[in-house]
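The values are calculated or read from the model by the stated rules, or taken from the named source; none is laboratory data. In this text the structure is predicted, and so the values were computed from the model without any measurement. Heads up, the Cβs are rebuilt from the backbone with ideal geometry, glycines too, and the neighbour counts pull from every protein chain shown. We work out accessible area using only protein heavy atoms, side chains counted, and drop any ligands, DNA or RNA first. Shrake-Rupley method; radii C 1.70, N 1.55, O 1.52, S 1.80 Å.
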Amino acid sequence: MEAHKARQHWLSVLAHSSAQQLLAHWPPALQSPYQLLRAPETGLVRLQGRMGGTGRRFILGDTTVTRAVVQLEDGTCGYSYIIGRDKAHAERCALLDALLQGDSTQALHQQIIAPLAAAREEQRSLRSREIASSRVDFFTLVRGDH
């Protein structure tokens, strides 16, 4: 089960990374032969939301998503779904997913996943601080016994 959680983590990190961030951490020597099982293709996904997480569903809007599936020579398949239209980025994410499922992945985690996860967490923290600085607490003052 831990392998499943680890894969969920790196797929989330890759899906939320930008192409520039991924390329900045991509090791130049990272080459692995693979074949495309599903060439990168772009489609449209409808987003749904709920008020407060428990309310009735509503249509938030649509977004473009690009997906890709690759297979390494040993038969391991890698998948990716990213928001946007960057086909090369989707293919690189699928390749990384396949490579990270292998035996010796510690170096890939340290070189790629850990820095991307740290950058994402910093971005989330910064956004939370921005939101908190503009928060307004409303309260009512009661005067007398009216």
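Can you tell me the dipole magnitude for the chain around its Cα centre, using point charges on the Cβ only (Lys, Arg +1; Asp, Glu -1), in Debye to the nearest 20?
It works out to roughly 640 debye.
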Rolling a 1.4 angstrom probe over the protein heavy atoms, how many square angstrom per residue are accessible across the chain? 72
Full-stretch length increase - Ile59, Val45 - with 0.36 nm per residue and alpha-carbon distance subtracted: 3.9 nm
Helix 2-16 sits off the longest principal axis of the Cα atoms of the chain, rounded to the nearest 10 on a 0 to 90 degree scale, by 80
Taking r as the C-beta separation of Ala132 and Gln31 and R0 as 41 Å, the FRET efficiency to the nearest 0.05 is 0.40
For the chain, which whole-number percentage of the solvent-accessible area (1.4 Å probe, protein heavy atoms only) is attributable to carbon and sulfur atoms? 52
Which one, Ser32, Gly55, Leu95, projects farthest toward the positive side of the charge dipole computed for the chain from Cβ point charges (K/R +1, D/E -1)? Gly55
Ordering of 127-136, 94-103 by packing [mean C-beta count within 10 Å, highest first]: 94-103, 127-136
Could you state the angle between the C-alpha long axis of helix 114-133 and the longest principal axis of the C-alpha atoms of the chain, as a value from 0 to 90 degrees rounded to the nearest 10? 10
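When you count, for each residue, the other Cβ atoms within 10 Å and take the mean per peptide, how do 83-93, 18-28, 65-75 rank with the highest first?
The densest-packed peptide leads the list: 83-93, 65-75, 18-28.
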